[in-house]
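Visitor: Supplied in structure tokens, the structure appears directly below.
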Amino acid sequence: MNAGEFDYVVVGGGSSGAAVAARLGEAQDRTTCVIEAGGHDSHPFFHVPSFVAAAIGLKKTNWNFATVPQPGMANRSIPVPRGKVMGGSGSINGMVYFRGHPTDFDDWSDMGCTGWSYAELLPYFTRTERNENHPASVFHGGDGPINVKHVEGPNQLNYDYMDGLASLQFPECKDFNGPDPEGYGRRQGLIRDGRRESTWQNMLKPAMERGNIHLQTNALVARILVEDGRATGVELVDGKVIRARREVVLCGGTVQSPQVLLLSGIGPAAHLKDMGIDVVHDLPGVGENYHDHVASPMHMETSDSTSYGISWKAMPRDIAQFFQYLLTRTGPLAGNVFESVAFLRTDPSLSRADVQFVFQPAKRLTHPKIPFPIGHGYAISPVGLYPKSRGTLRLASPDPTAAPLIDPHLLEHPDDIQPLIRALKIARQVFASKPFEKYNGVEIAPGPDVTSDDEFDAYIRQTGYTVHHPGGSCKMGALDDPMSVVDPELKVKGIEGLRVADASVMPYMVGGNSNAACVMIAERAADFILGKPQLPAAELPDESVARYKPNKAKAA
């Protein structure tokens with residue numbers, strides 16, 4: 001049953017897929033079909049920035065994946081939320097705009113991903129960006145389709161947090177997307193006029209007005225069709241076929257891009273045979289190299305009502321802020337709660353920050369069905385940025401509707417736990433600093449009795465979680481790399497007319513939040529597909545290069 005034929009078929013309407021399709025639509029003589037398993041983002045939780053926890057908690061628009069039990073995490077199964085809605089995970093994430101450390105991309109280039117160095121990628125970052133706080137420059141875009149801004153009117157606790165880090169001699173960072181993203185400071189988010197910003201809302205939707213982009217929602221892809229070594233379209237679970245005259249672009253993300261490849265007979269031959277799937281192309285790297293960032297929190301509680309939270313004492317303020325948002329789309333509800341951040345080296349001998357300190361000016365959530373804090377507190381969640389643990393994604397069944405087996409081997413490499421132990425000790429020093437004295441906070445977790453490295457180790461493994469930055473499962477690399485899945489032009493090795501463009505192609509995850517890098521990958525993919533020349537590499541000021549190049553030399 002043919003459901004249509006298009007020049008391009010894009011599988012996935014998330015951050016990468018929406019951006020790829022929007023750019024492909026600029027070729028008005030060609031047609032594109034976007035296939036999304038979820039529906040439209042009509043629920044208000046998707047659009048009010050401060051409702052981020054509520055958006056993640058919507059069961060119908062979250063794939064609700066989870067890892068297999070993780071030995072390195074006290075044999076717990078760790079949630080892996082992924083968006084099942086237009087905008088994908090970009091409709092339920094924390095809206096953080098952070099690209100990664102410049103050396104992350106230089107390392108990609110050194111690993112065989114030619115054309116993917118920091119200077120070469122910077123123009124693709126800035127092409128999408130409309131930054132409200134930093135003027136247009138080599139580092140920032142001023143007229144792109146996606147709005148970026150500081151969260152306005154941050155809670156006072158953010159300034160105490162930054163003062164606390166300053167008292168420990170950590171540096172301030174004015175621009176986390178500049179040449180040296182180390183230190184503490186206010187963070188930027190994907191927000192416009194008090195509403196969540198996404199590539200679906202502000203790239204794909206406007207592009208669809210041209211009339212050459214077709215959107216198919218509530219449609220799950222069962223497999224990619226391959227004929228004579230070429231991808232010719234996709235088959236949906238209902239048996240309908242959507243044909244691609246030119247290319248199929250897989251943007252299912254780190255979980256579902258490898259899953260679709262495996263369902264299509266593209267992947268490790270032994271696993272495909274075990275699943276009873278005919279081997280179309282033996283590609284051993286599919287589903288390998290899966291990894292994610294692990295965090296473990298330090299939580300404080302206080303009777304002071306400065307923090308965000310619901311209490312009788314804060315009720316008049318909370319009601320006023322609610323109506324402020326309804327009338328003007330401003331105030332705390334127009335922010336994403338995570339208003340400041342730090343990227344720190346927990347060991348001064350390191351070449352770049354190894355931990356991200358996510359500050360939360362609110363008490364931890366205590367009830368799974370209540371997405372807002374009851375009472376008051378504050379927290380730091382250190383995130384390990386460069387894990388060495390690597391895992392796999394495998395099919396549990398040849399049924400396309402069955403969740404895959406996600407096994408990231410979290411914290412199994414012995415080097416992954418030490419940065420988090422050091423970071424929690426620093427977090428305790430921050431909360432013991434003078435700026436926090438007025439709050440009389442009580443450490444709830446891990447608790448003041450936890451002092452030794454062994455005790456911190458046990459706490460992290462028992463309470464840690466991922467921060468939903470999975471990547472690497474369809475690794476990009478040189479053609480002669482036996483474990484690479486796509487080449488530096490994002491073409492799937494051994495199959496014509498098929499590319500992957502999402503976080504799964506990252507050889508290793510950037511040192512921080514991953515959404516901005518996913519959109520950059522989409523920008524690159526669209527240019528490759530349309531045959532456009534690569535944008536000229538950024539001409540970095542000498543003083544900017546000097547700020548990160550020496551760090552790269554130290555790392556080597």
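Every number here is computed from the coordinates shown, using simple stated rules; none is lab data. Fair warning: this is a prediction, and the values are worked out from it, not measured in the lab. Glycine also receives a Cβ, built like all others from the backbone with ideal geometry; neighbour counts cover every protein chain displayed.
Visitor: 5 Å is the cut-off here: which amide hydrogens, built 1.01 Å from N in the peptide plane, fall below it relative to Cys33, excluding neighbours closer than 5 in sequence?
Guide: Here Tyr8, Val9, Val10, His214 satisfy the definition.
Visitor: Express in whole angstrom the spacing between the alpha-carbon centres of region 331-350 and region 478-530.
Guide: Computed from Cα coordinates, the inter-centre distance equals 28 Å.
Visitor: Mind checking the dipole of the chain: about its Cα centre, +1 per Lys or Arg Cβ, -1 per Asp or Glu Cβ, Debye to the nearest 20?
Guide: Around 1240 debye, computed over the chain.
Visitor: Here's something else I'd like to know. In deg cm²/dmol, rounded to 500, what helix-only [θ] at 222 nm does the chain give when every DSSP H run of at least 4 residues adds -39500 (n - 2.57) and the total is split over its residues?
Guide: -7500 deg cm²/dmol, from helical runs alone.
Visitor: Related question: I'd like the FRET efficiency for Asp399 and Asp454, computed as 1/(1 + (r/R0)^6) with the beta carbon distance as r and R0 of 56 Å, rounded to 0.05.
Guide: Given R0 = 56 Å and the Cβ-Cβ separation, E is 0.80.
Visitor: Helix 15-24: angle to the longest alpha-carbon principal axis of the chain, degrees 0 to 90, nearest 10?
Guide: So the inclination is approximately 50 degrees.
Visitor: Report ³J(HN,Hα) in whole Hz for each residue of region 300-312, in order, from the Karplus equation J = 6.51 cos²θ - 1.76 cosθ + 1.60 where θ = phi - 60°; Gly and Pro get x.
Guide: Result, ordered by residue: 10, 10, 8, 8, 5, 9, 4, 5, 5, x, 9, 7, 4 Hz.
Visitor: In a solvent-free Debye calculation with one equal scatterer on each Cα, what is log10 I(q)/I(0) for region 2-555 at q = 0.08, 0.11, 0.13 Å⁻¹, listed in the order of the q values?
Guide: Calculated log10 I(q)/I(0) at the listed q: -0.50, -0.97, -1.37.
Visitor: Rank the residues Lys240, Lys491, Lys174, Lys475 as a footprinting-exposure proxy: fewest other Cβ atoms within 10 Å of their Cβ go first. Write down the numbers at each step before the final one.
Guide: Values: Lys240 15, Lys491 21, Lys174 10, Lys475 24.
Listing Lys240, Lys491, Lys174, Lys475 from fewest to most nearby Cβ atoms yields Lys174, Lys240, Lys491, Lys475.
Visitor: Which GluC sites (Glu not before Pro) does region 172-236 hold that lie in a coil by DSSP with at most 16 other beta carbons within 10 Å?
Guide: Sites meeting the loop and neighbour criteria: Glu209.
Visitor: Quick one: what are the phi-derived ³J(HN,Hα) couplings along region 442-450, Karplus 6.51/-1.76/1.60 with θ = phi - 60°, whole Hz, x for glycine and proline?
Guide: Working through the residues one at a time gives 10, 6, 8, 8, x, x, x, 6, 8 Hz.
Visitor: Same structure again: How large is the Rg to Rh ratio of region 149-290 when both quantities use alpha carbon positions and Rh follows Kirkwood?
Guide: Details: Rg = 23.0 Å, Rh = 19.7 Å.
Dividing the radius of gyration by the Kirkwood radius yields 1.16.
Visitor: Moving on to the next point. Under 23 Å between alpha carbons, and skipping anything fewer than 8 positions from Lys149 in its own chain: which lysines qualify?
Guide: List returned: Lys174, Lys205.
Visitor: By how many nm would the segment from Asn133 to Gln418 lengthen if fully extended, with 0.36 nm per residue of separation less the alpha-carbon distance?
Guide: Result: 99.0 nm gained on full extension.
Visitor: Once phi is turned into ³J(HN,Hα) by the Karplus curve 6.51 cos²θ - 1.76 cosθ + 1.60 with θ = phi - 60°, what whole-Hz value does each residue of region 387-398 show in order, with x for glycine and proline?
Guide: Those phi angles translate into x, 9, 5, 10, x, 9, 10, 9, 6, 8, 6, x Hz.
Visitor: What whole-number distance in Å separates the alpha-carbon centres of region 390-428 and region 11-65?
Guide: If you average the Cα positions of each part, the centres end up 25 Å apart.
Visitor: Compute the orientation-averaged projected area for region 238-343 from the convex hull of its Cα atoms and round it to one decimal in nm².
Guide: If you wrap the Cα atoms of region 238-343 in a convex hull and average its projections, you get 14.2 nm².
Visitor: Helix 118-128 sits at what angle to the longest principal axis of the chain, using alpha carbons and giving 0 to 90 degrees rounded to 10?
Guide: The two axes meet at around 90 degrees.
Visitor: May I pose another question? Please label the shape of region 375-421 as rounded, prolate or oblate, based on the square roots a ≥ b ≥ c of the eigenvalues of the alpha-carbon gyration tensor (a/c under 1.5 means rounded; beyond that, a/b larger than b/c means prolate, else oblate).
Guide: Oblate is the answer for region 375-421, as a/c is 1.5 or above yet b/c matches or exceeds a/b.
Visitor: Any idea how far apart Arg317 and Ala269 come out in nm if each label point goes 7 Å out from Cα toward Cβ?
Guide: Here the modelled spin labels are 6.5 nm apart.
Visitor: Here is a follow-up. Please determine, in degrees from 0 to 90 and to the nearest 10, the orientation of helix 542-555 with respect to the longest principal axis defined by the Cα atoms of the chain, where the helix direction is its Cα long axis.
Guide: Between helix and principal axis, roughly 90 degrees.
Visitor: For a label point 7 angstrom out from the Cα of Arg329 toward its Cβ, which stretches of region 40-59 have the backbone nitrogen within less than 12 Å?
Guide: 47-49
Visitor: Explain nothing, just the number: relative contact order of the chain, from Cα pairs under 8 Å at least 6 residues apart, as a whole percent.
Guide: So the answer I get is 22 percent.
Visitor: With no solvent and one point on each alpha carbon, what is the Debye value of log10 I(q)/I(0) for region 415-535 at q = 0.10, 0.17 Å⁻¹?
Guide: With one equal scatterer per Cα and no solvent, log10 I(q)/I(0) is -0.53, -0.88.
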